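Have a look at the structure below before the remarks.
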Amino acid sequence: MNNSSSVLDANKSASRPELHSKPGIFTKILFFGLMLAGVIFTITNLNHDVVSTGTATSTWLPFLLLGVALLIALGFEFVNGFHDTANAVATVIYTHSLPANVAVVWSGFFNFLGVMASSGAVAFGIISLLPVELILQVGSAAGFAMVFSLLIAAILWNLGTWFLGLPASSSHTLIGSIIGVGVANALMHGRDGTSGVDWAQASKVGYSLLLSPMIGFVAAALVLLTLRAVIKNRELFREPKGNKPPPAWIRGLLILTCTGVSFAHGSNDGQKGMGLIMLILVGTVPMAYALNRAMPADQAVQFAAVAQVTQQSLIKIAPGAAPEKPLDTLSAFVRTKQVTPELLPALAAVTGSIGQQVRGYGSLSLVPADAVANVRNDMYLTSETIRVLDKNPALVPLQGDTKDNLMAFKKEIDKATKFIPLWVKVAVAIALGLGTMVGWKRIVVTVGERIGKTHLTYAQGASAETVAMLTIGAADMYGLPVSTTQVLSSGVAGTMAANRSGLQMATIRNLLMAWVLTLPMAMLLSGSIYWLFSQFI
């Protein structure tokens, strides 16, 4: 019995990949060169955007806060890189499809490309989870406390789970941090804690995070069983012998799916940092980033025309007088989802006001510095009000031209406010890409060795990676933040179960515990840090 166990251990040791080779001089030059290039590119473009507005400033405090906030936000993306992307490279490393150092550089490059190709839908979906009053006052002390607390909480939890080698979800962590800030903010203002969060949007995100590991487990198991039924080469379903790479076609598939997961991870997870950075920029230098100054003047004319048509259609179905403070009515509706008779007249009044302002200025780039924040807040509240009405048609049944006009106006508003400058994408892409090259070993070992009782086979690696790539890619198309970690690690577990390889229940329990604890712990951390910062900032 002992001899048999010794043989199994020897075979496992012989097939284990080399994970301890140090990076070469070229890799080090590439790492620090990209970091320096990213810093220079970011500072140069940020300075250009601020100077081009021609706005004078009497204090450097906003820029100091901006620098600190950007460092923390990019730090989150860096940690996200080595925490999450280890999942993408684990299968190619443990099937000997690529050497470890080559795999992490390869993955980092495609994470970079994924961020650059992203749409921005996930970025602004994350922002909509934040308390509306804090978004409207993001440049205030409370706004900075919000941003700092949720990012620091997410970094702390990610680092803690990474240190323990647990593949916890960075997406799950960030969502929990946002909810924690919302609940704490509501309680601190004497409201019910449940009123501090857009629970409809949070539920949508929660379902995607909950379902994605289930989909990963079942789908990866089914893919493996299908491969077993179709492909007769038994070598694909056995442990690798020594460091021998897989057959060419399966090796190509493993590298392709690793590439796809890395690209999809960059496209999905990179957007979370982009959304928060845009919030930071709007709060610190609103003249440069609150409104899309690059929008052509002819689009401003179209914007004003759509606003006028939308206002008239709202007045037609709700002819009552607008309340004295229509913005307060919209803000209360976005926060509570409770419809009052003043809602549509208030929406009509704000819509008309926005159209008049844009028509009067002639271009978003000509909006005066002291009016930029107010114009953006008006647009944001209007867009969020229309979004909530569209997602909850039972609240106010809108049909025909009225609904079409509202959605057309929301599209115009989003063009004016929901944009991401190229330098923000580049900065996030570099931070995420470089993060993949650091600290990846802990999570790779967990995924490659500690989920199943046997070494990962070629077919298992291909099945898990294929499902992860398709799941994350589909989520990105629909603007849903899913967890690369949960999809990939549950996919590996699914293939182990389907292959009857056995699961290491201690690791599975740790994974489940991390998944269960991530949301409440992130909420507790961010809420506590937000309360602490609010006392001193």
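The values are calculated or read from the model by the stated rules, or taken from the named source; none is laboratory data. Every value quoted in this text rests on a predicted model; they were computed, and no experiment measured them. Neighbour counts run over all protein chains shown; Cβ positions are idealised from the backbone, glycine included. Surface accessibility is based on the protein's heavy atoms, side chains included, excluding ligands, DNA and RNA. Shrake-Rupley method; radii C 1.70, N 1.55, O 1.52, S 1.80 Å.
Descriptive notes on the structure:
- Rounded percent of accessible protein surface that carbon and sulfur make up, the chain, 1.4 Å probe: 67 percent
- Quotient of Cα Rg and 2.2 N^0.38 Å for region 393-505, N being how many residues it contains: 1.62
- Listed values [x] 66, 58, 42; [y] 69, 54, 47; [z] 87, 49, 45 include one computed from this model; for Cα extents along the principal axes in Å that value carries the label [z].
- Cα gyration tensor category, rounded, prolate or oblate, for region 316-392 with a/c compared to 1.5: prolate
- Environment charge of Ser331, counting only residues whose C-beta is closer than 10 Å and scoring Lys/Arg +1, Asp/Glu -1: -1
- Between the alpha-carbon centres of region 361-396 and region 456-509 there is a gap of 40 Å.
- Region 408-454: C-alpha gyration tensor shape, a/c 1.5 cut-off, then a/b vs b/c: oblate
- Remark: region 443-453, residue by residue, has Karplus-estimated 3J(HN,Hα) of 6, 4, 5, 4, 5, x, 10, 10, 8, x, 7 Hz, where x stands for each Gly or Pro and the curve is 6.51 cos²θ - 1.76 cosθ + 1.60 at θ = phi - 60°.
- Three-way shape call for region 375-421 based on the alpha-carbon gyration tensor, with the a/c threshold at 1.5: prolate
- For region 326-438, the pair-distance distribution built from all alpha carbon pairs, in bins 10 Å wide starting at 0, is 12, 38, 26, 16, 8, 1 percent.
- Sequence-distant residues sharing a close amide H with Leu503 (under 5 Å, placed H): Lys453
- Sorted peptide list for 84-91, 363-370, 310-317, criterion being average Cβ within 10 angstrom, highest first: 84-91, 310-317, 363-370
- Rg ratio for region 58-155: its Cα radius of gyration over 2.2 N^0.38 Å, N being its residue count, equals 1.40.
- Per-peptide packing, taken as the mean over residues of other Cβ atoms within 10 Å, places 211-220, 504-513, 260-269 in the sequence 260-269, 211-220, 504-513 from highest down.
- Pairs from the table (Lys28/Lys241; Lys337/Lys425; Lys418/Lys441; Lys28/Lys453; Lys272/Lys411) lying more than 27 angstrom apart at Cα are Lys28/Lys241; Lys337/Lys425; Lys418/Lys441; Lys28/Lys453.
- Solvent-accessible surface of region 324-410, averaged per residue with a 1.4 angstrom probe and all protein chains in place: 44 square angstrom.
- Region 320-385: GluC sites (Glu not before Pro) in DSSP coil with no more than 15 other Cβ atoms inside 10 Å: Glu324
- Counted by Cβ distance under 15 Å from Ser353, the other residues give a net charge of -1, where Lys and Arg count +1 and Asp and Glu count -1.
- Counted by Cβ distance under 13 Å from Thr53, the other residues give a net charge of -1, where Lys and Arg count +1 and Asp and Glu count -1.
- Sequence-distant contacts, meaning Cα pairs under 8 Å at least 6 residues apart, place the relative contact order of the chain at 34 percent.
- Region 434-537: relative contact order in percent, alpha carbon pairs under 8 Å with at least 6 residues between: 30 percent
- If you take the Cα centroid of region 289-355 and the Cα centroid of region 161-176, the two points sit 40 Å apart.
- Highest-first arrangement of 147-154, 242-249, 62-69, 438-445, where packing means the average Cβ count within 10 Å: 147-154, 438-445, 62-69, 242-249
- Computed from phi, the 3J(HN,Hα) profile of region 244-250 under the Karplus parametrisation 6.51, -1.76, 1.60 (θ = phi - 60°) reads 5, x, x, x, 3, 6, 6 Hz, with x in place of Gly and Pro.
- Cα lying deepest toward the dipole's positive end in the chain, options Thr44, Val438, Val424, charges on Cβ: Val438
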